[in-house]
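Have a look at the structure below before the remarks.
The values are calculated or read from the model by the stated rules, or taken from the named source; none is laboratory data. Predicted model only: the values in this text are computed from it and were never measured. Glycine gets a Cβ as well: all are built from the backbone with ideal geometry, and neighbour counts include every protein chain shown. All accessible areas refer to the heavy atoms of the entire protein, side chains included, with ligands and DNA or RNA removed. Shrake-Rupley method; radii C 1.70, N 1.55, O 1.52, S 1.80 Å.
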Amino acid sequence: MIEPARAAFLLIDMQNGFIDTTSPLRIAGAAATVPACAHALAAAREHGLAVFHVRRAYAADGSDVEAVRWETWAEGGRPLSAADPASLDCPPELSPAPGEPVIMKPSWSAFFGTELAATMRQQGIGTIVLAGTTTPNCVRSTAYDGLALGFNVAVLRDATSSRTPEVQEANLADMEAAGIQLLHTDDFTTNGLLHVRDTEAEVARAVALEKAAKEEAEGAMDAGSTASAEESGAPLPPTPALESVETVSTGWINKYHLHYALPDGRPYTYEGVSRKGPDRYAAALEALGSTGAPTPDAVCIVPLLPDGSVLLEREFRYPLNSWCVSLPAGLIDAGETLEEAVARELSEETGYRLRDDIAPAVRPLPQPGFSSTGLTEENVQVVFAQVEPAGEAQPDSAELIEPFTVARTDLRAFLDANQLPIGTRCQLILELLAL
């Protein structure tokens, strides 16, 4: 979740000149939003956000009035200037508290011609929540400039206003399509920034990871190019030869004896287990021995919620005789695609589903990883999945699973405090997410 200390609440143009029904510059919907704006202002203070009051004041001679509204302004008593001082004020419930800055802007956007962006950067602010009027002009231009400056931007849909409901909804829809997040005041009051995504940080992390991976790959290529021809073409060391696979016992887990001839000719027998039957197991070993790409046997899901938190499970594991912290996971059924397996396991174990507003919702790691190379050939494809609640979980009758979520910012504390057994794969992934 975004830290409140790194966010700001901007109350835009809630002045009598835009609110009063007798003002020539009135916004038809503004007066009705005063209670919601007051509610949001109080919530911002309670949650610990920095608060900025953004306002407009014209020169009495009209020299800085927007040309498109100059005639209306001049003929209507010159509101929002010294000619009409009362129009510059705001309703009492929206008055600044001590220490809350008032930003006087020379045009539509709160960022245009002001020091607002620099001030917020100095305070470490990366997220802004907007309320006020008017949605198509000053709120929207501030929101778009905020995006262009690299801020996460959220708008309180019921604490902003337009000349008509139709204009309001059309502008909100346009802003949402551009990546501006829409909230209701009640949600903001109750949950603060819980449902505001730190999209700027998410993208920055993704870019950094991609850059690091590219640099690592280029480094490996450079290292390879400096190797001698003999080194670059060197074969693997002498490899044991698998001569036969002997079935020892069958069941849900099958036990096998693997009969090898070591490079020096000595015979060697190794015990292995697999959920595959004899024919499939032998075929899998043959494919791996020829460095063939394995087909994933199972999937391990790292489910990320819209607020960035991670969906985990407490599951009773019979071989451990204990509850265990884990990620949703399961075997891939015959004929299933990877995404189908992910969707099914999520639904069965947690009641969550893949989001349909993000593409792709499933991002697999480049190749499957192996569960226990000293015991079995079984491999698991790890995927990162964007998920949301959908309904009740439907586990098998003997599966005891309790889904729960942990905020990204709380992962370090969770890992430090956890006393339950935890799978190595789950542990490592959570450690990385906690960084």
Practice task
Taking only region 171-197 into account, find how many residues are open to solvent by less than 50 Å² (accessible area, probe 1.4 Å), part of a helix (DSSP H, G or I) and among the aliphatic types (A, V, I, L, M).
Solution key: 2
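I want to confirm something. Restricting to region 130-144 and keeping residues that are part of a helix (DSSP H, G or I) and of a type in the set (A, V, I, L, M), which single residue is nearest to Asp20 (Cα to Cα)?
First pass over region 130-144, keeping only residues part of a helix (DSSP H, G or I): 135-144.
Okay, now just the ones that are also of a type in the set (A, V, I, L, M), so 139, 143.
Numbers: Val139: 19, Ala143: 25 Å.
This residue is Val139.
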Completion exercise
All-but-one check, Gly146 against (1) open to solvent by less than 10 Å² (accessible area, probe 1.4 Å); (2) touching a Leu at 6+ places or on another chain (Cβ under 7 Å); (3) small (Gly, Ala, Ser), failing number (2)
Practice task
Could you please let me know if Arg45 is of a type outside the set (Asp, Glu), over 30 Å from Thr190 (Cα atoms) and either under 29 Å from the mean Cα position of the chain (by Cα) or surrounded by 22 or more Cβ atoms within 10 Å (Cβ to Cβ) (or both)?
Solution key: no
Exercise for the section: From Phe414, Phe384, grab the single residue that is open to solvent by less than 70 Å² (accessible area, probe 1.4 Å) and free of Cβ contacts under 8 Å to residues at least 40 places away in the same chain. Expected result: Phe414
Fill in the blank from the handout: Exception for Leu80 within (1) crowded, with 20+ Cβ neighbours inside 10 Å; (2) within 37 Å of the chain's Cα centre (by Cα) falls at (2)
Problem - Qualifying residues in region 252-294 (those that are β-branched (Val, Ile, Thr) and without any contact (Cβ under 8 Å) to a residue 60 or more places away in the chain) - the one surrounded by the fewest Cβ atoms within 10 Å (Cβ to Cβ) - result: Thr291
Practice task
Being open to solvent by 100 Å² or more (accessible area, probe 1.4 Å) and farther than 30 Å from Asp264 by Cβ is the filter; apply it to region 216-249 and report the residue that is modelled with the lowest pLDDT.
Solution key: Thr226
Fill in the blank from the handout: Checked region 264-314 for anything touching a Cys at 6+ places or on another chain (Cβ under 9 Å) and of a type in the set (Asp, Glu); matches are Glu313
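Restricting to region 149-158, give me the number of residues that are open to solvent by 60 Å² or more (accessible area, probe 1.4 Å) and either of a type outside the set (A, V, I, L, M) or more than 15 Å from Ala118 (Cβ to Cβ) (or both).
The number of residues fulfilling the criteria is 2.
Assess whether Glu377 counts as being modelled with pLDDT of 90 or more and surrounded by 13 or more Cβ atoms within 10 Å (Cβ to Cβ).
Details: modelled with pLDDT of 90 or more: yes; surrounded by 13 or more Cβ atoms within 10 Å (Cβ to Cβ): yes.
When the stated conditions are applied, Glu377 passes them.
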Practice task
Look at region 297-323 and say how many of its residues are farther than 19 Å from Arg355 by Cα, not in a strand (DSSP E or B) and not acidic (Asp, Glu).
Solution key: 4
Exercise for the section: Kindly establish whether Ile128 is of a type in the set (Val, Ile, Thr) and crowded, with 21+ Cβ neighbours inside 10 Å. Expected result: yes
Exercise for the section: Tell me, yes or no, whether region 104-111 has at least one residue that is under 24 Å from Ala38 (Cβ atoms), open to solvent by 30 Å² or more (accessible area, probe 1.4 Å) and free of Cβ contacts under 8 Å to residues at least 12 places away in the same chain. Expected result: no
Problem - The listed residue being in contact with a Lys or Arg (Cβ under 8 Å, 6 or more places away or on another chain), open to solvent by less than 40 Å² (accessible area, probe 1.4 Å) and farther than 14 Å from Glu377 by Cβ, out of Leu311, Leu327, Leu305 - result: Leu327
Exercise for the section: With the checklist (1) surrounded by 24 or more Cβ atoms within 10 Å (Cβ to Cβ); (2) at pLDDT 95 or above; (3) out of contact with any Phe, Trp or Tyr (no Cβ under 6 Å at 6 or more places or on another chain); (4) under 19 Å from Thr134 (Cα atoms) in hand, flag the one item Ala30 doesn't pass. Expected result: (3)
